[in-house]
Amino acid sequence: MSSLIFLLCIAAAGGYLFRTLYRRYTVLTKVAGKPQLDRIPERIQAVLVYAFGQKKFVSPDQPANDKGAGWMHFFIFWGFSILAIQVIHMFVRGFVPGFTLPLLSIDLLGGPYLLLKDIIQLIVLCAIGYAFYRWLVSHPARLYGYAPAEDRLRGQSHGEALLILGFIATIMISGYLYDGGHLYAHEGPEIEKEKMWQPISSLVGATLFGIGGASLAALASNAGWWIHNLVILVFMNLLPISKHFHIITSLPNVFFKKLEPVGSLSKQDLENSLNFGTSYINQFTWKQVLDMYSCTECGRCSSHCPATISGKELAPRQLMLNLRDYLYENEDKVMQTPELEPDAQEPVTVGENVVGENLIHDEVLWACTSCRACEEACPVLIEYVDKIVDMRRHLVQEEARFPAELTRTFKAMETQGNPWGVDASERGDWASGLDIPTMAENPNAEYLYFVGCASSFDDRNKRTAQALVKVLKQAGVDFAILGSEETCNGETARRIGNEYLFQSMAEMTVEVLNGYNVKKVITNCPHCFNTLRNDYPQFNGNYEVIHATELVDHLIKEGKLEFNVNGEKSITYHDSCYLGRYNDVLEAPRNILKSIPGVSLKEMERSGRFGMCCGAGGGRMWMEEDADKRVNMIRVEQALETNPDTVAVACPFCMTMVDDGLKAKGKEEEDLPALDVMEIVADAMK
């Protein structure tokens, strides 16, 4: 009779779970795009590293305040993974008493597994205890939400999290009851062997036996079996309707991770698209919807977001939750979405426009610096920047609604070929008297030095370009510049959402570079570096793009650059987001600084992959910012905590933001300068 009741419980729970999952899957088939099963080995590797290896949770270079919670999740994940065998055993034993999987009998691998299972249950219980402490005692903002961007989250009940933790604890405790009671309710040589391999379960069983003998042990074992299995069935059905849906979706979300360079954005078909951005819930791609399913609400993204930290309206977690909740509210409508006819003139839309006052406010989207700190922190590899840029594309290209100051930026790029709005004829003035050949004069140069707009027009950053030229000449590098033929590569336009302007500028630049048959490109601007390297292949612009720090690091190792001893100097290095997180150029700038005699490198608390943005990326360089919400001021304060003699940067945008921040803090250049790595190298060279 008990087997029949249990079978009915499985059928009911399984049927309801299938219905929920089928609806979620159907939504994925109705939104934009289709999954592609390409580069399978890379995808499997990602699952092994990020899902099973839990890399984002146990990475040694993550901030200290993330490590405790990271290891907690690591042990809970692996606890569940190891206990999956025990779950199978307990379910099948409802119909086949004493069942064990092949090779897991007590005389084979069963004994070691029982010991591992016995220990891991206790470890999981300790991890759950730590989780309860965080929720009920320490109350970290990462769990409850950051003000003001996550006020909606802060106002919600968090009972679901406590319920889930209670379920997990119950599964562990009931497992001990089942095994412990079983060991003392029965006798025999196999039972004695099992006792030897299960010290904690044996202790539980001995306690039960001491209180009420074999009958109590049998009763506890039977109760443990029912509690364990019924909680599992309820837990399974709670997953798809809660934030713990990630337990099901995180593996496929990691498997289908973006394999293109993280610094690239999707290329819009401007001639054939029915919409020029994302503004309705069914216009998000299936992978973006899978991201929504997979959010664990852990808050790592928001805790690293410079917009959230500086008090702006954007918090990546709240953005994701708002989209997910709206998707769930309109699930039936999405499922009923008809197929788009081949000759359709209007896009098929579901619900209301989510961009604007209805859901995702304009200020939320414009606050993003596109630094990808949120994505670096996310344990299940959710992508945020692509979604934000897609919604910006809607604002710019379909509604012409953007911060007023960007009107000037767009016009300057369209008419003068640079966001500064300086006459294009002045682009090469920075090189006056330096005897630098142009590509027209030396078309066979090994490298094209793509100077970029900042180093061409901004007085402070011109010094960096001049320093780099000095270094390249000292090392005997064969290079040339485009001079007046160079124009903005369009990076700013693409990140802001003006895809049309970007594509027109990209096509012009590619035409010039391909006309000279350029093969190798040097840049000192990480934004130029990322765009030429990762976006331009979409336009037949395929070049070997190298950042100046990579090249100079190589030149130093080859012995082509040597340095004087100029005394002791402590330097803290600020990582550019587009150089470090976007393109993995983390060690080259540090190697350069360490190679200079007398330099001691002091790392900020947030450095490397977890370095904090200066606040200029994603077009923020050209937007106004409230005095009390300036990201660069927070970053400069972090730099000052190291008490440096110099703050080093490797990006012209970072130079502007850090230099301004230092001056706002009363640190003049002669007291505490912000210097580009190339300036430091040029000054130290023999």
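The values are calculated or read from the model by the stated rules, or taken from the named source; none is laboratory data. Bear in mind that the values here come from a model prediction, so they are computed numbers and not experimental data. No Cβ is skipped: glycine too gets one built from the backbone with ideal geometry, and neighbour counts run over all protein chains shown.
Looking at segment 453-479, which of its residues are acidic (Asp, Glu) and either crowded, with 20+ Cβ neighbours inside 10 Å or touching a residue at least 40 places away in the same chain (Cβ under 8 Å) (or both)? Within segment 453-479, just ASP458 meets the criteria. Those helices (runs of 4 or more DSSP H) of segment 61-162 in which at least 3 residues are closer than 26 Å to MET320 by Cα and at pLDDT below 90, considering only elements entirely within it, cover 64-92. Across segment 1-42, which residue is nearest to VAL334 (Cα to Cα) among those that are assigned to a helix (DSSP H, G or I) and basic (Lys, Arg)? Once the filter is applied, the top-ranked residue is LYS30. A residue that is surrounded by fewer than 18 Cβ atoms within 10 Å (Cβ to Cβ), among the acidic types (Asp, Glu) and modelled with pLDDT under 95 cannot be found anywhere in segment 193-201. The sole residue among TYR573, TYR578, TYR582 that is aromatic (Phe, Trp, Tyr) and either in the same structural domain as PRO526 (by TED's automatic domain parsing) or farther than 23 Å from ARG495 by Cβ (or both) is TYR573. Residues in segment 390-419 that are more than 18 Å from LEU290 (Cα to Cα) and buried (at least 18 other Cβ atoms within 10 Å of the Cβ): 16 in all. SER266 versus (1) farther than 30 Å from SER2 by Cα; (2) assigned to a helix (DSSP H, G or I); (3) of a type in the set (S, T, N, Q): which is the lone unmet condition? So the condition that SER266 fails would be (2).
Taking segment 463-488 as the range and being more than 22 Å from PHE563 (Cα to Cα) and β-branched (Val, Ile, Thr) as the test, the residues that pass are ILE481, THR487.
In segment 442-467, the residue that is farthest from LYS519 (Cα to Cα) out of those that are of a type in the set (A, V, I, L, M, F, W, C) and in contact with a helix residue (DSSP H, G or I) (Cβ under 9 Å, 6 or more places away or on another chain) is PHE457. Inside segment 270-296, residues that are without any contact (Cβ under 8 Å) to a residue 60 or more places away in the chain and either touching a strand residue (DSSP E or B) at 6+ places or on another chain (Cβ under 7 Å) or assigned by TED's automatic domain parsing to the domain that holds LEU359 (or both) make up a count of 1.
Scan segment 429-439 for residues that are small (Gly, Ala, Ser) and either more than 15 Å from LEU468 (Cβ to Cβ) or in contact (Cβ under 8 Å) with a residue 60 or more places away in the chain (or both) and the total you get is 2. Note on segment 581-627: among residues that are among the hydroxyl-bearing types (Ser, Thr, Tyr) and under 23 Å from ASN530 (Cβ atoms), the one that is surrounded by the most Cβ atoms within 10 Å (Cβ to Cβ) is TYR582. Scanning segment 399-433 for residues that are of a type in the set (Asp, Glu) and in contact with a Ser or Thr (Cβ under 7 Å, 6 or more places away or on another chain) returns no hits. Out of curiosity, is ASN237 outside the structural domain of GLY111 (by TED's automatic domain parsing) and over 23 Å from the mean Cα position of the chain (by Cα)? No; evaluated as a whole, the condition is false for this residue.
Picking from residues in segment 554-580 that are among the aliphatic types (A, V, I, L, M) and in contact (Cβ under 8 Å) with a residue 40 or more places away in the chain, the one that is surrounded by the fewest Cβ atoms within 10 Å (Cβ to Cβ) is LEU555.
Test VAL354 against the criterion of being touching a Ser or Thr at 6+ places or on another chain (Cβ under 9 Å) and farther than 30 Å from CYS453 by Cα, and give yes or no. In short, yes.
Got a number for residues in segment 480-526 being among the aromatic types (Phe, Trp, Tyr), free of Cβ contacts under 8 Å to residues at least 60 places away in the same chain and in a loop (DSSP other than H, G, I, E, B)?
0
Do the conditions hold for TYR113, that is, is it closer than 25 Å to GLU190 by Cβ, out of contact with any His (no Cβ under 8 Å at 6 or more places or on another chain) and either surrounded by 18 or more Cβ atoms within 10 Å (Cβ to Cβ) or outside the structural domain of VAL204 (by TED's automatic domain parsing) (or both)? Judged against the criteria, TYR113 is a match. Taken together, VAL49, VAL87, VAL27 contain a single residue that is within 17 Å of SER294 (Cβ to Cβ) and surrounded by 15 or more Cβ atoms within 10 Å (Cβ to Cβ), which is VAL27. Every condition in (1) closer than 18 Å to ILE200 by Cα; (2) of a type outside the set (A, V, I, L, M); (3) not in a helix (DSSP H, G or I) is met by THR170 except one, and the failing one is (3). Being of a type outside the set (Lys, Arg), in contact with a His (Cβ under 6 Å, 6 or more places away or on another chain) and either part of a helix (DSSP H, G or I) or under 25 Å from GLU357 (Cβ atoms) (or both): is that true of SER279 here? Here the answer is yes, as SER279 does meet what is asked.
For the residues ARG324, ARG317, the requirement of being touching a residue at least 60 places away in the same chain (Cβ under 8 Å), closer than 24 Å to GLU363 by Cβ and of a type in the set (Lys, Arg) singles out ARG317. So, of the residues in segment 420-444 that are assigned to a loop (DSSP other than H, G, I, E, B), among the hydrophobic types (A, V, I, L, M, F, W, C) and surrounded by fewer than 20 Cβ atoms within 10 Å (Cβ to Cβ), which turns out to be nearest to the chain's Cα centre (by Cα)? Looking at residues that are assigned to a loop (DSSP other than H, G, I, E, B), among the hydrophobic types (A, V, I, L, M, F, W, C) and surrounded by fewer than 20 Cβ atoms within 10 Å (Cβ to Cβ), I get TRP420. Selection of segment 586-614 for residues being assigned to a loop (DSSP other than H, G, I, E, B) and either under 17 Å from the mean Cα position of the chain (by Cα) or outside the structural domain of THR572 (by TED's automatic domain parsing) (or both) yields LEU586, ARG606, SER607, GLY611, MET612, CYS613. Contact annotation: residue pairs with Cβ atoms under 9 Å, 6 or more positions apart or on different chains, pairing a residue in segment 132-156 that is aliphatic (A, V, I, L, M) with a partner that is part of a loop (DSSP other than H, G, I, E, B) and surrounded by fewer than 18 Cβ atoms within 10 Å (Cβ to Cβ), are ALA141/ALA147; LEU143/HIS158; ALA147/GLY311; ALA149/GLY311. In the set (1) over 24 Å from GLY608 (Cα atoms); (2) at pLDDT below 95; (3) of a type outside the set (A, V, I, L, M, F, W, C), the condition left unmet by LYS569 is number (1).
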